[in-house]
Each structure stands twice: as C-alpha cells, then as structure tokens.
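Q: Starting off with a structure, shown below.
The values are calculated or read from the model by the stated rules, or taken from the named source; none is laboratory data. Owing to the predicted nature of the structure, the values given are computational and were not obtained by experimental measurement. Ideal geometry is used to build each Cβ from the backbone, glycine not excepted, and the neighbour counts take in all protein chains shown. Keep in mind that these areas ignore ligands, DNA and RNA; they rest on the heavy atoms of the full protein, side chains included. Shrake-Rupley method; radii C 1.70, N 1.55, O 1.52, S 1.80 Å.
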Amino acid sequence: QVQLVESGGGLVQAGGSLRLSCAASGQTFSSYGMGWFRQAPGKEREFVAAISRVGANTNYADSVKGRFTASRDNAKNTMYLQMNSLKPEDTAVYYCAAGRNWKVQAGLTSNTGQYDYWGQGTQVTVSS
C-alpha cells in the first residue's frame, strides 16, 4: 500500500519550466516502479514517463522526449518530473503512479492498467 501526493503544478508561459514532485508514503518506496501520466480535457489519461525502482532506467512518451526528465530520490521517498520547454499542448492534470508489476518495476510500461496506486493529480497550465 502506497499513498502518493503530487505537487508543483501551476501556470507557466510557453517555453518555461516546472518541476513536479510526487511524495510517497506507506511502504518502502524503492520497492515500486513509478510513472507519470497526464490527462487533458476531453482526452484519455496518457503516459508521460516511467522510472525503474532505483532510477537506472527511464522511458518517455515521444511527445516529451528531450524536454521532460523523470528522476527519483528513494531516501526522500520522492519522484520528480522536470519539465522544460513547455508547450500549450502540455496543459493537463499530471498524475504520479506506482506499482510492483515487474514491467513497472523495470520502467518498461506505458499502460495505465499496470500501475496499482495513483495520486490525486496536479494541474499544469501552459499559456502562449
């Protein structure tokens, strides 16, 4: 059982940066692979980034490659998403997720169904 709380969202102009945080509690953080997802109005929740248990492996959606970086600090039970060169198309509610499925642990899956725990989300709005 893991509880997840996102923070760091807000309003930023195109080209700007934000860093999202996901604080975890409840069980040993390093036992879980983690992921970031987002959901824009009128769209389904989509994959953004995944990171393995110790942070050695990361994967990104094509739409954010080269702009977003996922990282984690297991000593602080926290995962981060550094978002640079933000675009209006990045506007969405961003969610962090965790799971112990082996694909999630390895940072290999973009499938929402493979993650067991979800935060409440944090709003990111990018204006032109």
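Q: Just grab the label-to-label distance for Ser25 and Asn111, each label 7 Å out from Cα along the Cβ direction, in nm (one decimal).
A: 3.2
Q: Can you compute the label reach from Val5? Point 7 Å from Cα along the Cβ direction, backbone N cut-off under 14 Å, restricted to the range 20-41.
A: The answer is 21-26, whose backbone nitrogens lie closer than 14 Å to the label point.
Q: I would also like to ask the following. Answer rounded, prolate or oblate for the range 62-106, using the Cα gyration tensor with square roots of eigenvalues a ≥ b ≥ c: rounded when a/c is under 1.5, else prolate when a/b is larger than b/c, else oblate. Numbers along the way, then the final one.
A: Values: a/c = 2.09, a/b = 1.70, b/c = 1.23.
It comes out prolate by the Cα gyration axes.
Q: Over the heavy atoms of Thr112, what accessible area does a 1.4 Å probe trace out, to the nearest 10 Å²?
A: Roll a 1.4 Å probe over it and Thr112 shows about 60 Å².
Q: Using a 1.4 angstrom probe with every protein chain in place, what is the largest-first accessible-area order of Arg45, Arg19? Intermediate values should be presented prior to the final figure.
A: Numbers: Arg45 80, Arg19 135 Å².
My answer, sorted largest first, is Arg19, Arg45.
Q: With the calculation restricted to Cα positions, what are the radius of gyration and Dmax of the chain in angstrom?
A: Over the chain's Cα set, Rg and Dmax evaluate to 13.3, 41 Å.
Q: Quick check on the chain: helices-only [θ] at 222 nm, where DSSP H runs of length 4 and up contribute -39,500 (n - 2.57) each and the sum goes over total residues. Nearest 500, please. Walk me through the numbers before you get to the answer.
A: Details: 1 runs with 4 residues, N = 128.
That comes out to -500 deg cm²/dmol.
Q: Estimate the FRET efficiency between Ala56 and Ala14 by the formula 1/(1 + (r/R0)^6), using the beta-carbon distance for r and 30 Å for R0, to the nearest 0.05.
A: Values: r = 32 Å, r/R0 = 1.08.
Efficiency for this residue pair is about 0.40.
Q: Which whole-number value in Å² is the accessible area per residue of the chain, probe 1.4 Å? Please list the in-between numbers first.
A: Values: 6210 Å² over 128 residues.
Value for the chain: 49 Å² per residue.
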